[in-house]
Amino acid sequence: MEERPVVPTHLGIIMDGNGRWAQKRSLPRTAGHLEGLKALKKVIKEASNQGIGFVTFYVFSTENWKRSKQEVSYLMGLLVSKLHGELAFYNKYNIRILFRGDIATLPKEVATVINNTISATAANTGITCILAINYGGQDEICRAVNRFLEEKPERNITCKDICSHLDLPEVPPVDMIVRSANERRLSNFLLWDSAYAELEFYEKLWPDWNFEDVQRICTDFAKRVRKFGGVQ
Ligand code: FPP
């Protein structure tokens with residue numbers, strides 16, 4: 001059966017190109033991340049205007065720990081200061097914030113601010129913004145399997161069991177994954193529930209993204225015919 005939804009219910013975004021944006025301006029890579037946060041705010045606002053229900057942003061992967069100590073601690077510091085500092089923004093625009101990833105093993109102050117942000121935005125009824133932090137698709141599947149084994153070690157695991165033990169089982173699977181900066185990889189992002197996701201790759205570096213980029217995503221998505229393995 002053909003399905004043609006107008007906008008994705010759940011959009012995944014691999015934000016790429018912060019370093020290149022900074023390098024082009026002879027700025028430190030960290031300046032690219034700060035500008036990237038500004039782009040994230042514009043994108044979530046427009047995604048909400050477009051009627052998208054959920055947007056997952058790939059903020060920090062399980063592989064990003066390989067970056068320099070300075071860059072990692074800048075990103076962790078940005079999370080601590082901006083998650084708290086941007087609460088007024090999230091509440092003004094009725095944005096609920098959730099997280100995906102191995103939050104328990106993050107530095108304590110990061111985990112604390114994450115838990116506070118979840119509580120402080122829990123009553124918001126608009127778009128859900130999911131920040132993937134210390135996130136890897138393979139790691140999420142392993143953690144889901146281990147959660148299941150703790151509950152029911154006596155029987156074989158099914159696909160349905162994996163779905164219900166992922167980090168956010170209540171969030172629908174991602175409909176479309178987009179990536180900035182002209183890179184064409186998933187890089188361990190949402191591996192399980194991207195099984196039938198539409199993919200699109202754009203040239204623009206992440207810090208340059210604005211409202212019109214979300215509009216273009218919606219236009220591109222509306223052209224896709226989704227069959228989920230069936231026939232038209
Ligand atoms: C990828 O670009 C970007 C990241 C790994 C970090 C993204 C983080 C933010 C936009 C900040 C979000 C902050 C909050 C508080 C939610 P890259 O550094 O790999 O770019 P490059 O490939 O050009 O080097």
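The values are calculated or read from the model by the stated rules, or taken from the named source; none is laboratory data. No experiment lies behind these values; they were computed from the predicted model shown. Here Cβ is always computed from backbone atoms with ideal geometry, including for glycine, and neighbour counts include all displayed protein chains. Side chains included, ligands, DNA and RNA excluded: accessible areas come from the protein's heavy atoms. Shrake-Rupley method; radii C 1.70, N 1.55, O 1.52, S 1.80 Å.
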In segment 119-176, what GluC sites (Glu not before Pro) fall in a loop by DSSP, with at most 16 other Cβ atoms inside 10 Å?
Glu154, Glu170
Within 10 Å of each candidate Cβ there may be at most 14 other Cβ atoms; applying that plus a DSSP loop requirement, which GluC sites (Glu not before Pro) in segment 26-99 survive?
Glu63
Taking 8 Å as the Cα distance limit and 6 or more residues as the minimum spacing, I'd like the relative contact order of segment 96-196 as a percentage.
30 percent
Between rounded, prolate and oblate, where does segment 1-147 land on the alpha carbon gyration tensor, with a ≥ b ≥ c its root eigenvalues, rounded for a/c under 1.5, else prolate if a/b exceeds b/c?
rounded
Surface accessible to a 1.4 Å probe, per residue, for the residues of segment 123-232, Å²:
50 Å²
Segment 1-81: relative contact order from alpha carbon pairs under 8 Å, six or more residues apart, as a whole percent, is 38 percent
Per-residue ellipticity at 222 nm for the chain, helices alone: DSSP H runs ≥ 4 residues times -39500 (n - 2.57), over residue total, nearest 500 deg cm²/dmol?
-13500 deg cm²/dmol
Rounded to whole Hz, the Karplus (6.51, -1.76, 1.60) HN-Hα couplings of segment 25-33, x for glycine and proline
9, 6, 10, x, 3, 4, 5, x, 5
Apply the Karplus curve 6.51 cos²θ - 1.76 cosθ + 1.60, θ = phi - 60°, to the phi angles in segment 143-159 and return the couplings in whole Hz, x for Gly and Pro.
5, 5, 5, 5, 4, 5, 4, 5, 7, 9, x, 7, 10, 5, 7, 10, 4
Counting other Cβ atoms within 10 Å, which trypsin sites (Lys or Arg not before Pro) in segment 129-186 have at most 13 and lie in a DSSP loop?
Arg155, Arg184, Arg185
Top positive-direction residue, dipole computed over the chain with Cβ charges, set Val6, Thr62, Leu34
Leu34
Top positive-direction residue, dipole computed over the chain with Cβ charges, set Leu75, Thr125, Asn188:
Leu75
Which percentage, to the nearest 5, of the DSSP beta bridges contained in the chain is antiparallel?
5 percent
So the carbon and sulfur contribution to the accessible area of the chain, 1.4 Å probe, in percent, is 53 percent
Accessible area expressed per residue, segment 1-60, with surrounding protein chains retained (probe 1.4 Å, Å²):
45 Å²
Assign one of three labels to segment 111-207, namely rounded, prolate or oblate, based on the Cα gyration tensor with a ≥ b ≥ c the square roots of its eigenvalues; rounded applies when a/c is under 1.5, prolate when it is not and a/b is larger than b/c, and oblate otherwise.
oblate
